[in-house]
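This report refers to the structure that appears directly beneath it.
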Amino acid sequence: MILNLSRFLLAITVWSCVMIAPVLAAPDRVKAFIYGNSLVHHLTDSDETTVPYWVDFFADANGQSFAIDGQWGFLRNFATDFPPIANWSFRGVQSVWDSDNQPFGRAGFDHVMITPANFIQYQGPDLPYEGDNPENASPLSATLQIIDQVTATGSAPKFLLYEGWPEMAGVARRFPPSARDLRRYHKFTQTQYHDWFVNYHESLLKARPDLKIQLVPVATVLAKLFKDTELSKISAEDLYQDEAPHGTANLYFLAGAITYAALFDSELPNFAELPESLHPLIAANWQDIRALISIEIAVNQQALAAPLKAEPLPEVPQSEDVEVPVQVTAAPKITKPIPTRVERAPALGLSNPSLAMGLNGIADWSTQQPFIDYMKSARPWVGHKGEQWGSMLFKEIVAQGALDDQGWPKFIPDGADALETLFLTNQPEAATALNARYRLTYEGSGKIIMTGRVRRTKYSDGEIWFDYTSGEGLVGIRLNSTDPENTGDYIRNIHVVREDQIELAEVGAIFNPDWIKRVADARSVRFMDWMFTNGSPATDWNSRPRYDDFTWGWRGAPVEVMVALANEISADPWFNMPHMATDDYMAEFAAFVRDYLDPELVAYVEFSNEIWNFTFLQAVWARVGADERWGKNAADDSWMQYTGMRAAQMADIWDAAFGDQSERLVKVLATHTDWVGLEQGLFYAPLWLAEDPTNRPPVERFDAYAVTGYFGFDLGYEDGPEKVLGWLEDARANATAEGQELGYSRVRLRLYVEERLFEPAVAPAIAALRSGSLKELTESILPLQTNIANEHGLKMIMYEGGTHVVGIGEWSLNEDLSGFFQHLNYTAEMGELYQELLSGWRKAGGTMFNLFVDVASSSEHGSWGMRRFIEDENPRATAVEAYHAETPAWWEAGREGTFDHGDLFIGGEGADRLEGTSKPDILIGGLGDDILVANGRSDRLHGGKGRDLAMLPGSITDYTFFDATETVKGLVIASAGAKSFTLAAIEEVAFSDAPDATFALADFY
């Protein structure tokens, strides 16, 4: 049996020691009505593909009675069609209700089970169903309506929420799924999908606190069975029949077992043998299955017995902050004779840009690749046991105390044989810059194995070399052992650097210069996704992301890194304060930005992100906070008022930190673009003002009002998809006829049609967008929002905008539709719409426009990236760059030159003279005896081979030198007031005030 022992002991403790309510005797009889669907009752020629059949099977074996009626359908229909229709029956299972002669309330049902659909979890349970929905119904409102209808009959049953397994389409790319996709599916089940049900259940409990409402975690327990027990060896085809996914008798048997345990609050029967129709592994491992189901139901019931809280990160002791001097970029080398005085190279970039850019999130699968050290984008550790890949999640590893403060494993935790982290996951084959040789370095003792898409691997003590070629798959760093002698010398400080960027790493550079080129001309960069803002668990300052975290894919980007990027590319940073952050967290964050951000730059600060959007946990947090503070239903917009209150407090904290430097700060309020009126609670928060006459309306503290600028919804939902599919069918028919006329058939004809399928549909799609959502946005919605901004003396800015052409809901699963949308989003015609959008935004009175996002792969879930990978050149990006170059900021003068940036200068084989700009630069010498001339405030200079000289601005008496080997081996920091230069492989230094005098660098420290 492959079970986590610590979890087993925890479950036993939970089950036997800390139950907060008395344990009730298991019922001998259950009479249930089930509002269900095919996840409960899959109609085939056998009742074995139904949950009720198996619940009765277990009840009968335990000497209990089970009677049931039920109805197929969806929540929305159930809510509007009461009384229900009892149209289920099963061989050998009793019915309860004589619906022809008896009202529902007289049937005596003691349990009512409600089953939401399994494809609606892409948005919060309290958000309205998309499509035709005149009642604005949501899963939550529909469920409450059902509950109220049942209780109105005089019945007082226990309500159960059946967590059916999620739709497989959209998670797996095909059926049957690959082993990797099946793992992804189970992980999705246990994380985002389960979180939706927890939110749904919590919301129902809060709405009807006097009723018994229990979540039955069928999907979550199934996923654990298929990951952590011998059932992992059962093939997907032996469990599922399709992508819906309908199941086999094996799946419904296990789902029935979980449902029985929840319904009867009883242990499952101890069968000596099971029906032959079931997979032999189920019978062979029945004892283990029984035990795991009992544990999981016990843990689930205990967890749901108390109000849910966001799980805090483990406490991380205070560690010494790492001060990070900044810089990086790219361009031609400059070779000149040795100068007697310094002549600066001109700064680069747009002098007064008008467009900002949101940065894609940090993840191992992201195509952004922003960091020189690929370890900084790696996935948090997962544990493996035997053949069980990913049998232990990161949070379980943390719970065992296996990690140090930076996240390096001190030991392999119980329940795992190895730990692994992943990076370079599923990178596009076209991302050829990634095809290179890499060096991995580490400290400590143990055994590291490279896995995945690595070739020509060479291992030595503290260092591993390997080749990588982009494509489907990943690269893994697997720790089979660490600190085997228990001396504290565990494997740590792993760094992975591309061979051609080793000098950049050695001089302490952070950012990939290939990526820097793509963001260097932005006026501002919004760090919402880098900060893991949506659903952020961040609270106190001590648990913030740290510069020395093993990966920034764990807790998000540290403030040091974000400020470093802003300084390097000379862009105004836009920070999003975590919704649960303490006042101290925000004060410390603001102080760091004040002290280390280039004083010419302006910091934008926003409270969280889209708290109007109940897809995100921060919206639920605000609603709960408002209810606790002012009572339920205090106001329809009480959650926005609560947000306004907390945003006002944030603004006060940042104002206090910046003091008389208020010109360096822009405080932003943001709301839903097309929900005019929602901003009033955010702006004025009357419930908060009523608490204290000294409270001022939040809006009085802010400088800017932000909305989104998305267009394209109309193609992806309601009747839009049908229109698009009609255009595609016409194109298919025409291409087929053309191909047949040319004599093509079979494979050649199919390829001919595929090549010509999308292009004919581009023109009607663009026309529909231009006359539809784009026109409505630029001519109606944005002018209305600009008027609101003007009325309140706020600058109108965009926090996100661009194409929203994507299939909504189940339409995202249509391959033709998704493929066409991905094609359309990168056409020249889409580029023209972007130019019209940007012009319309300016005409409507807007100022800075924030594009979403810089680099992201395109999929059925959207085409958000301006580029799909770093090297991607596409007509949309070209059109936007042309507009950007031709349209300087029209709303603000006096900052010209602020946004110029430096570059990366690289020497050759001879003796070179490399001279930087007045902005932060990186100078990398070549093989010869080079002279590197620093002109910026914080240049990085690497001499390379040979005997190299650094020419620093000013006088020798201005400088103090520090050995920074603890940060990066061999580094020296030369500090002169506000200027700081990082030196590596430099043998001599000179100073511009007396350039003929040279000194050995080693004499200074």
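The values are calculated or read from the model by the stated rules, or taken from the named source; none is laboratory data. Predicted model only: the values in this text are computed from it and were never measured. Here the Cβ positions follow ideal geometry from the backbone for every residue, glycine too, while neighbour counts run over all protein chains shown.
A few points about this structure:
- Qualifying residue in the stretch 712-727 (condition: in a strand (DSSP E or B), within 28 Å of S863 (Cα to Cα) and touching a Ser or Thr at 6+ places or on another chain (Cβ under 9 Å)): no
- Selection of the stretch 818-866 for residues being surrounded by fewer than 18 Cβ atoms within 10 Å (Cβ to Cβ), under 28 Å from R756 (Cβ atoms) and polar (S, T, N, Q) yields Q835, S859.
- Selection status of I870, touching a His at 6+ places or on another chain (Cβ under 7 Å), closer than 23 Å to I516 by Cα and in contact (Cβ under 8 Å) with a residue 24 or more places away in the chain: no
- Candidates V602, V593, V624, filtered to the one that is among the β-branched types (V, I, T) and in contact with an Asp or Glu (Cβ under 6 Å, 6 or more places away or on another chain): V602
- When the residues of the stretch 731-760 are filtered to those that are of a type in the set (D, E, K, R) and surrounded by fewer than 13 Cβ atoms within 10 Å (Cβ to Cβ), the one that is farthest from N609 (Cα to Cα) is E741.
- In the condition set (1) at positive phi; (2) surrounded by 18 or more Cβ atoms within 10 Å (Cβ to Cβ), L440 is compliant with all but (1).
- Within the set T482, T533, T551, the sole residue that is within 30 Å of K385 (Cα to Cα), crowded, with 20+ Cβ neighbours inside 10 Å and within 21 Å of the chain's Cα centre (by Cα) turns out to be T551.
- Count - residues of the stretch 912-936 that are surrounded by fewer than 22 Cβ atoms within 10 Å (Cβ to Cβ) and either assigned to a strand (DSSP E or B) or among the basic types (K, R) (or both): 1
- For the stretch 790-820, a residue qualifies if it is under 26 Å from T878 (Cα atoms), in a helix (DSSP H, G or I) and within 22 Å of the chain's Cα centre (by Cα), and exactly one does: S818.
- When D652 is tested against (1) at pLDDT 95 or above; (2) over 15 Å from R701 (Cα atoms); (3) surrounded by fewer than 18 Cβ atoms within 10 Å (Cβ to Cβ), exactly one condition is not met: (2).
- Of all residues in the stretch 767-789, those being surrounded by fewer than 18 Cβ atoms within 10 Å (Cβ to Cβ) and either under 23 Å from the mean Cα position of the chain (by Cα) or assigned to a helix (DSSP H, G or I) (or both) number 10.
For every residue, the table says whether it meets (1) in a helix (DSSP H, G or I); (2) of a type in the set (A, V, I, L, M).
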position: L205; (1), (2): yes, yes
position: A219; (1), (2): yes, yes
position: K224; (1), (2): yes, no
position: F253; (1), (2): yes, no
position: G256; (1), (2): yes, no
position: A262; (1), (2): yes, yes
position: E267; (1), (2): no, no
position: A272; (1), (2): no, yes
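- Answer from A522, A509, A566, A538 - the residue that is among the aliphatic types (A, V, I, L, M) and not in a loop (DSSP other than H, G, I, E, B): A566
- With respect to (1) over 21 Å from L665 (Cα atoms); (2) touching a Phe, Trp or Tyr at 6+ places or on another chain (Cβ under 7 Å), the lone exception for Y604 is condition (1).
- Of the numbered criteria (1) closer than 20 Å to I282 by Cα; (2) surrounded by fewer than 22 Cβ atoms within 10 Å (Cβ to Cβ); (3) more than 29 Å from the chain's Cα centre (by Cα), the one P209 fails is (1).
- First in the stretch 732-755 and over 21 Å from F820 (Cα atoms), second anywhere and aromatic (F, W, Y) and part of a helix (DSSP H, G or I), Cβ under 8 Å, 6 or more apart: L742/Y752; Y744/Y752
- Exactly one residue out of G644, G681, G712 is farther than 25 Å from N790 by Cα, crowded, with 23+ Cβ neighbours inside 10 Å and touching a residue at least 24 places away in the same chain (Cβ under 8 Å): that is G712.
- Residue within the stretch 165-184 that is at pLDDT 85 or above, of a type in the set (A, V, I, L, M), over 25 Å from L422 (Cβ atoms) and in the same structural domain as Q123 (by TED's automatic domain parsing) present: no
- Which listed residue, of G108, G92, is without any contact (Cβ under 8 Å) to a residue 60 or more places away in the chain and over 22 Å from E810 (Cα atoms): G92
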